[in-house]
């Protein structure tokens, strides 16, 4: 954990002030699900509060399910993103194909807006982050590592949501990508396995990055929306291909028995 994300508490050194500080780090997406907080001694020093005051703050955040402590294993940011959709709703989404189209339609609208805002608001540090992800995507593509590309795909979209500097949008998009990474809506590897799809996706992602870094909100929105349009078309193509292969295999099996 980077030490300097925590600032000294200036006002009365109370547990409430420590709670507000850590809350803000979680709300702004600086602390993510699974991030481990520094040890009690180190964190108390960084916040400039006593350890009893820190323990009280941590207990308050645990009671509100923002942090979780593992016995002998430290304190971590809780899985707050996964709780945006309840388990029954996740089950419904996974069982009904129409939800996939609705999911991508929602993403098209949200990601277009996120990219537009990112192009207007991205800081130098934001642009450095996008550039580093883009470079990693190029390397994974050159290595023909589709699994790594798919992982970086989600990382890039998360980063664009962060660069928009809108906390509601940030957490809404993270909940969407959680459904994608968990394979609830569809298996994204179907798309990456399509002939030439990987090339097209890489170019689309780099185009979005380029537009944001250039502070071009119109191009950023257009590139993000075109990317989701391509994903929708590719998903349909991948599904059709998989269905045809399944039918062909059944025919062959029937005729060779």
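Here are the numbers for this structure:
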read-out: Residue count for the stretch 128-149, restricted to those that are in a helix (DSSP H, G or I), without any contact (Cβ under 8 Å) to a residue 60 or more places away in the chain and surrounded by fewer than 20 Cβ atoms within 10 Å (Cβ to Cβ); value: 10
read-out: Which listed residue is under 23 Å from the mean Cα position of the chain (by Cα), assigned by TED's automatic domain parsing to the domain that holds residue 209 and in contact (Cβ under 8 Å) with a residue 40 or more places away in the chain, from 125, 99; value: 99
read-out: Selection within the stretch 9-57 - buried (at least 20 other Cβ atoms within 10 Å of the Cβ), under 18 Å from residue 73 (Cβ atoms) and in contact with a strand residue (DSSP E or B) (Cβ under 8 Å, 6 or more places away or on another chain); value: 31, 37
read-out: Which listed residue is in contact with a helix residue (DSSP H, G or I) (Cβ under 9 Å, 6 or more places away or on another chain) and modelled with pLDDT of 95 or more, from 183, 134; value: 134
read-out: Among (1) farther than 20 Å from residue 28 by Cβ; (2) touching a residue at least 24 places away in the same chain (Cβ under 8 Å); (3) more than 19 Å from the chain's Cα centre (by Cα), the one test that residue 52 misses; value: (2)
read-out: Residue that is surrounded by 14 or more Cβ atoms within 10 Å (Cβ to Cβ), without any contact (Cβ under 8 Å) to a residue 24 or more places away in the chain and closer than 24 Å to residue 116 by Cβ, where the choices are 226, 200; value: 226
read-out: Unmet requirement for residue 72, which otherwise passes all of (1) in a loop (DSSP other than H, G, I, E, B); (2) in contact (Cβ under 8 Å) with a residue 12 or more places away in the chain; (3) in the same structural domain as residue 42 (by TED's automatic domain parsing); value: (2)
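The values are calculated or read from the model by the stated rules, or taken from the named source; none is laboratory data. Note that this is a predicted model, so its numbers are computed, not measured. All Cβ positions, glycine included, derive from the backbone under ideal geometry; neighbour counts span all protein chains shown.
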